[in-house]
Structure formats: C-alpha cells, structure tokens
Amino acid sequence: VAVAQSGPIPDAAPRAENVARLVAMLRRAAGGGADVVVFTECALSAFFPHWTLDHPASIDEYCERSMPNPDVEPLFAEAKRLGVGFCLGYAELAEDEPGHIRHYNTCVLVDGHGSVVGKYRKTHLPGYYVPDHDPAGHVYQNLEKRYFDVGDLGWQCFEAFGMRVGMMICNDRRWAEPWRVLGLQGAECVMLGYNTPTVGVTGVVTEPTHLGMFQNHLSMQAGAYQNSTWVCAAAKAGKEEGVYQMGGSCIIAPTGEIVAQATTGETQTLRRCIVLARLYYWCTVLTT
Ligand code: CDV
C-alpha cells in the first residue's frame with residue numbers, strides 16, 4: 001500500500017493541475033510496487049470548509065456530480081494502465097432523489113481496473129466558526145456542518161486488493177464507533193484521508209499545539225490495535241489558504257505501531273508492504 005500526503009492546494013489551482021498531482025503520486029507509488037494508493041480528504045481541491053463562502057450554492061463548483069467524470073478521468077485511466085487502485089476523497093454533489101440536492105464529503109475505493117468498488121460518505125462533520133482570524137491572517141474554523149449533509153451510507157467493508165477494506169474520513173477517526181463497526185465486519189485495512197489544522201481542532205485557538213499530532217495518531221493507533229487492522233492515513237500538509245495543516249500521514253500496523261510516517265510538511269508518498277493478520281495465522285498453523 002502507499003499513502004500519498006498532499007502539500008497545500010491553492011484555491012485558484014485548476015482542477016486539471018490538482019488531478020495531475022495525484023497522477024504523479026500514483027505513478028511514484030506504482031514504481032515502488034504499490035497495489036493501492038490512499039489520497040487525502042477532498043483531494044481534488046483546496047479544503048473549502050476552512051473558509052466562509054459568500055453563498056452556500058457556490059460550493060457546487062468544488063463538488064463532483066459523478067465519479068468518475070471527465071476531470072478525474074486521467075487519474076482513472078492511469079490507475080487502469082498501471083493496474084493500481086486508489087482511495088480518493090472528494091466533495092460530492094448528489095441528487096439521489098429527483099429535486100433533492102445533497103452535498104457530501106465522500107471517498108471511493110477504486111480497484112486496479114479503474115472500477116469503483118466502494119463508497120463512503122463522512123458521518124462526523126466538524127463545525128465551528130471563529131470569525132476573528134488573528135493578525136497574521138491564520139484561519140481556525142471548519143464549516144463542514146454548514147456545507148455538507150451527514151453521510152448516509154454507514155461504514156462498510158469492501159473486498160479489494162485481497163483484503164477487507166474499510167473507509168472513514170478525517171474526523172470519523174476520533175470516535176470509537178466507526179472503528180468498531182468496521183472491526184466487527186472483519187476489516188483488515190482502514191483507509192482514510194484528513195485535513196487537520198495544526199492548532200484549533202476544537203475551535204479553541206489557545207489549545208496546546210503538541211496535542212494536535214498526539215491526538216491524531218492516538219486515535220488511529222488505538223483504532224488499529226483494538227480492531228486488529230492496518231490503517232493507511234493520508235494527510236494534507238503545509239499552509240493552505242491561511243490554514244496550517246499538520247500532515248503526519250502514516251501507516252499503522254494492527255499492533256498499533258506506526259510503521260511509516262511522513263517526515264515533511266509537503267507532498268510525500270509513503271509505502272509499506274502490509275501483511276494480513278490471517279496470513280500470520282496461516283504461517284503459525286504451518287509451522288506448528
Ligand atoms: N476535516 C476534519 O474533519 N477535520 C477535523 C478537525 C476540524 C477537528 C479533524 O478531526 O481533524
């Protein structure tokens with residue numbers, strides 16, 4: 001598996017440029033032997049819930065109406081050519097019922113043939129408004145509750161890449177329930193992307209900065225250990241539109257140990273060969 005940490009995405013960057021960055025990371029991961037690459041939350045644009053838009057309707061321009069679509073086709077085509085799958089987060093505009101437009105914070109699991117084999121819509125939407133940015137112009141708020149509907153698909157496992165894969169998105173990782181629901185389905189690998197600011201993750205800008213990364217890894221290491229699953233977590237890193245994002249992408253073993261971790265605040269690809277728990281079991285049976 002590979003985890004693709006993303007550096008900041010400028011709000012003004014054209015979608016084609018953002019997709020090209022993902023394609024470059026996909027190629028790098030494939031070159032290193034990865035079968036599947038995990039991209040971050042809302043990987044196709046800057047993370048717009050960090051700032052207030054003049055009119056809610058304008059978030060539509062950040063959203064995908066179908067997946068795949070012509071904008072992301074280069075990523076799907078390259079995945080198919082390389083035989084490498086991916087987990088991709090994006091903002092979704094859905095019209096599941098005629099006339100009812102919904103916006104979701106979504107991710108899909110795509111296999112090495114370029115087919116969507118799983119989909120998840122984020123459940124735990126953060127929401128806090130900090131109107132007075134500090135004099136340096138840093139932004140501390142997250143308005144997902146304003147822009148997104150609560151996901152309606154629940155946590156499901158999908159058979160892909162020879163394992164049972166579960167997905168969650170960013171804030172979901174901080175709560176016990178998603179891990180347990182996936183664990184009870186026998187998840188062997190949980191994939192997730194996140195956009196987490198370095199400070200102010202509770203909306204309190206005075207909180208100690210060291211807590212951010214500690215709680216980020218604590219949540220995922222506990223989820224891995226308590227549910228015997230690998231975790232592949234891809235972060236946004238660096239300063240994006242006034243928001244410092246913490247990075248810290250990692251791959252965590254079912255023991256709860258971090259076996260690969262991003263070391264920079266920029267775009268970076270991590271790779272690890274993951275061995276499934278059932279394979280350990282099989283080896284034990286063979287040797288005793
Ligand atoms: N994008 C997120 O869900 N961010 C939250 C912050 C806002 C608390 C997170 O859990 O990292």
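Values quoted throughout were computed directly from the atomic coordinates according to the rules given, and no laboratory measurement underlies them. Keep in mind that what you see is a predicted model, and the values were worked out from it rather than measured. Please note: Cβ atoms are built from the backbone with ideal geometry, for glycine as well, and neighbour counts cover all protein chains shown.
For the stretch 1-123, what D do you get in µm² per second when you plug the Kirkwood radius from alpha-carbon pairs into Stokes-Einstein at 20 °C and 1.002 mPa s?
The diffusion coefficient I find is 144 µm²/s.
Name the residue farthest towards the positive end of the dipole of the stretch 1-125 from the options A57, F76, P10, assuming +1 on Cβ of Lys and Arg, -1 on Cβ of Asp and Glu, about the Cα centre.
F76
Which of rounded, prolate, oblate describes the stretch 86-226, given a ≥ b ≥ c as roots of the alpha-carbon gyration tensor eigenvalues and a/c under 1.5 marking rounded, otherwise prolate only if a/b is larger than b/c?
Here the stretch 86-226 falls in the oblate category.
Roughly what % of DSSP beta bridges within the chain run antiparallel, to the nearest 5?
The antiparallel proportion sits near 65 percent.
Please identify the DSSP H helices in the chain that span no less than 18 Å along the helix axis (Cα) and have a mean Kyte-Doolittle hydropathy of 1.0 or more.
none
Take each of the peptides 44-50, 84-90, 65-71, 153-159, average the number of other beta-carbon atoms within 10 Å over its residues, and list them starting from the highest.
84-90, 44-50, 153-159, 65-71
With only Lys, Arg, Asp and Glu charged, each at its Cβ (+1 for the first two, -1 for the last two), find how big the charge dipole of the chain is about the Cα centre; round to the nearest 20 debye.
With only Lys, Arg, Asp and Glu charged at Cβ, the dipole is about 980 debye.
Report the extension gain between S115 and R146 in nm, rounded to one decimal, defined as 0.36 nm multiplied by the number of residues separating them, less their alpha carbon distance.
Full extension from S115 to R146 adds 8.0 nm.
At R0 = 22 Å, how high is the FRET efficiency between E241 and T264 if r is their beta carbon distance? Nearest 0.05 is fine.
0.65
In angstroms, what radius of gyration and Dmax does the chain have, counting Cα atoms only?
Spelled out, the Cα radius of gyration and Dmax of the chain are 18.1, 66 Å.
Within the stretch 158-198, name every residue whose backbone N is under 14 Å away from a label modeled 7 Å from Cα of S228 along the Cβ vector.
164, 183-189
If r is the Cβ-Cβ distance from H210 to H100 and R0 is 41 Å, what FRET efficiency results, to the nearest 0.05?
For H210 and H100, the calculated efficiency is 0.40.
Listed highest first by mean packing, meaning other Cβ atoms within 10 Å per residue, what order do 209-219, 100-110 come in?
Listed from highest to lowest mean packing, they are 100-110, 209-219.
Over the alpha-carbon set of the stretch 180-264, work out the extent along each principal axis and list the three values in angstrom, largest first.
So the extents along the principal axes, rounded to whole Å, are 40, 24, 18.
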